[in-house]
Amino acid sequence: MRMSRLFGRTLREAPADAETTSHQLLLRAGFIDQLMAGAYSYMPLGHRTKLKVEQIVREEMGAAGAQEVLLPAIHPVELWEQSGRVESMGSVLFTLRDKRDRRLVLGPTHEEVITRLFTDHTSSYRDVPVTLYQIQTKFRDEARPRGGLVRVREFTMKDAYSFDLDESGLDASYQAMFEAYGRIFTRCGVPTVPVEADSGAIGGKGSQEFIYINETGEDVVALCDGCGYAANTEKAAFVRPPALAADALPMEEIHTPGAQTIDELATFLDVEERQTAKAVFYMAEGGGEADEPIFAVVRGDLQINEVKLSNTLGGRSLRAMTDGEVDDFGLTAGAASPVGLGDRMKVIADVSVEGSPNLVAGANRPDYHLVNTNLGRDWTATEVADIALAEDGHRCGSCEAGTIRLHRGIEMGHVFRLGQIYSEAFETDVLGPDGTGVVPTMGCYGIGVDRIVAAAVEAGHDDDGITWPASIAPYDVAIVALRLDRDEDVAADAEALYGELRAAGLEVLFDDRIESPGVKFNDADLIGLPLRLTVSQRNHAQDAVELRRRDNGATELVPRGEIVERVQALRAEALAALAEAADRVNDGR
């Protein structure tokens, strides 16, 4: 491709609203263009990179035994009602009506559609195991699109779905996808960490996310510095700091003017935060039930984990009570207590409260608190559960010896053990070997293709621009020809080199523009192809071409007759290194 004909242009500065490095560089280098918040056009350079990511995905899915399909993006809402996910997906669902006033959904994922497809086209145990996948546009009405391609409302996902006769079959299918994911991300130049995760609205019996550790990410993961335990903080198990041991003392009401927060209360009473009880009020919504008030209690040195709390309540969504609801339920913000609450609402207590005597709690009237409250003696909980959030410095819940360290990251992929929730919802069964019906066991596996593009930039860049890995760079090599309008020999040699490289099967971006050397070199660094060849009067006089590697800046003067072979060798070496890393990636997992 000649840059004089390439659609799009580079920018010297990123738009002011571009937040992350990948967002800034992809816009500046002319890979994407923003149409509106959460919706991007891929320019020719960006589209080439995206297609290369998709090709790697296809290769690894095929190697793992999956078959590609393509499912509709538009679904009848009845499918989502049958699975019960109209409520659980909530406001992220894009819905519309057709000319016959029939409600439709723009697919954010395809568990319902694939289960329906499987049901219609299988009948026997001989039809399983099978894993089907697609690469397709998804739609989610995100409230706060951000980070360029990281969180958008229209995006490309590779979603795969496995069907097996039993749990042992699912184990094999799940492991095949898990290993394929590790290879995909490594081949694309994105290092990831697999972590335990919450299954969210997808549901199922357990899941793992693949996280690229990066401070611009929205996810927070807990990594143990001892045993290697890794989990999203939505899921992470940890050892709570010990309570202060003491015999239960008589409960007493005291005046605490102006002490409304845990910090203010602890300072006023000269106690540690772990000697207090924190109350948070919610309304639980969905789940086919009426909205319900929830009183959550956790020790004052900890935070409520709303995902764990939601799971304790059967997956119902949570929102904070409004001021009006707080008043209606007779609660006192800043001084609320489960003491005397009776049966007015569900009280969910964290396990930290159960083993912590003599906690300071609200007295259910302004400026007063109760000292020495004890669960079981002074108040009861509807349920005691793990509803606290792991924090940096907590002890690991797996080995109980290592220390948890928190890191931000970008979720690159997610693999789920679905079990039979969808196959049961759609009354799916196949005839088993003994002639009886068997409900298939499912798994599902998603990868954000656009996120791989963004994460590859986050993982590979410097102050001058992008550093693409050889596997997904839009072109293999850039030719920068200097002073084309002034030197016919340089122009002729550059044209000849362009033809030779292409004839050798290499993908070439030829900067044939009449621009200054500085502009050309800056654009080459910004676009970030793995190799740059400079054709100039000085190099031509030496019958050589300057070759520069984008990743480490190393340069060499290569004899003109050897340059094609040298480029081929460097490209093959880079691809081999990625493939070898992919072969090793699952060894330690």
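The values are calculated or read from the model by the stated rules, or taken from the named source; none is laboratory data. Remember, it's a predicted structure, so these values are computed and weren't measured experimentally. For neighbour counting, all protein chains shown are included, and Cβ atoms are generated from backbone atoms with ideal geometry for every residue, glycine included. Remember, those area values only see protein heavy atoms, side chains included, never the ligands or the DNA or RNA. Shrake-Rupley method; radii C 1.70, N 1.55, O 1.52, S 1.80 Å.
Once the Cα atoms of helix 167-187 and of the chain are each reduced to a long axis, what angle between those two axes, in degrees from 0 to 90 to the nearest 10, is obtained?
Once rounded, the angle reads 50 degrees.
Contour minus end-to-end for ALA172 and THR555, with contour as 0.36 nm per residue of separation and end-to-end as the Cα-Cα distance?
133.2 nm
Mind giving me the FRET efficiency for LEU575 and GLN420? R0 is 51 Å, r the Cβ-Cβ distance, nearest 0.05 is fine.
0.80
What residues from the stretch 139-168 fall in the zone where the backbone N is under 14 Å from a label point 7 Å along the Cα-to-C-beta line of ARG58?
Of the residues in the stretch 139-168, 158 have backbone N under 14 Å from the label point off ARG58.
Pull up the DSSP beta bridges for the stretch 466-582 and report the antiparallel fraction as a percent, rounded to 5.
Antiparallel bridges make up about 50 percent of those DSSP assigns within the stretch 466-582.
So, with a 1.4 angstrom probe, what is the percent of accessible area on the stretch 466-582 that is carbon and sulfur?
46
With all distinct Cα pairs included, what does the Kirkwood hydrodynamic radius of the stretch 466-582 come out to in Å, to one decimal, could you say?
It works out to 14.3 Å.
Cross-link candidates for LYS158: which lysines have Cα within less than 20 Å, leaving aside residues fewer than 8 places away along the same chain?
Partners within reach: LYS50, LYS52, LYS138.
On a 0 to 90 degree scale, rounded to 10, what angle separates helix 488-503 from the longest Cα axis of the chain?
60
For the chain, what proportion of DSSP beta bridges, expressed in % and rounded to the nearest 5, is antiparallel?
80
Starting from the Cα of SER516, step 7 Å along the direction of its Cβ; do the same at ALA14; then give the gap between the two resulting points in nm.
For SER516 paired with ALA14, the spin-label model returns 2.5 nm.
When only DSSP loop residues count, what chymotrypsin sites (Phe, Trp or Tyr not before Pro) in the stretch 1-81 have their Cβ near at most 12 other Cβ atoms within 10 Å?
Taking the stretch 1-81 and a limit of 12 other Cβ atoms within 10 Å, the loop chymotrypsin sites (Phe, Trp or Tyr not before Pro) found are PHE7.
Using the alpha-carbon centroid of each, what span in Å lies between the stretch 1-70 and the stretch 204-257?
Their Cα centres are 37 Å away from one another.
How far is the Cα center of the stretch 272-297 from the Cα center of the stretch 451-474, in Å?
Spelled out, the Cα-based centre of one part sits 44 Å from the other.
Per the 1.4 Å probe, what fraction of the accessible area of the stretch 330-375, in percent, lies on carbon and sulfur atoms?
Carbon and sulfur together cover 47 percent of it.
What accessible area per residue comes out for the chain, rounded to a whole number of Å², with a 1.4 Å probe?
44
Among LEU531, VAL86, MET412, whose Cα lies farthest out toward the positive end of the dipole of the chain, if unit charges sit on the beta carbon of Lys, Arg (+1) and Asp, Glu (-1)?
Towards the positive end, the residue furthest out is LEU531.
Only sites in a loop by DSSP and with at most 13 other Cβ atoms within 10 Å count here; which trypsin sites (Lys or Arg not before Pro) in the stretch 480-540 make the cut?
Listed in order of number, the matching sites are ARG486.
Return the loop-located GluC sites (Glu not before Pro) in the stretch 160-257 (DSSP other than H, G, I, E, B) with at most 14 other Cβ atoms within 10 Å of their own Cβ; answer none if there are none.
Answer by residue number: GLU215, GLU218.
Could you give each residue of the stretch 240-248 its phi-based ³J(HN,Hα) in whole Hz, using Karplus coefficients 6.51, -1.76, 1.60 with θ = phi - 60°, and x for Gly or Pro?
Using θ = phi - 60°, the values come out as 5, x, x, 7, 7, 6, 6, 6, 4 Hz.
Cut-off 14 Å, label point 7 angstrom out along Cα-to-Cβ of LEU249: give me the residues of the stretch 353-390 whose amide nitrogen falls inside.
Counting only backbone N, you get 357-361, 370-374.
In degrees, nearest 10, range 0 to 90: what is the angle between the Cα axis of helix 44-63 and the longest Cα principal axis of the chain?
The angle comes out at about 70 degrees.
Sorted by accessible area (1.4 Å probe), largest first, how do MET442, MET36 line up?
Order by accessible area, largest first: MET36, MET442.
Ignoring any ligand, DNA or RNA, what whole percent of the accessible area of the stretch 74-177 comes from carbon and sulfur when the probe is 1.4 angstrom?
48
Calculate the length of the line joining the C-alpha centroid of the stretch 127-190 to that of the stretch 348-404, in whole Å.
Here the answer is 38 Å between Cα centres.
With n ≥ 4 as the cut-off for DSSP H runs, can you work out [θ] at 222 nm for the chain, using -39500 (n - 2.57) per run divided by the number of residues, rounded to the nearest 500?
Calculated at 222 nm, the ellipticity per residue is -8500 deg cm²/dmol.
Can you list the residues, at least 5 places off or on another chain, whose amide H is less than 5 Å from the amide H of MET412, using H built in the peptide plane?
When sequence neighbours closer than 5 places are left aside, the close amide H contacts are PHE210, ILE211, TYR212.
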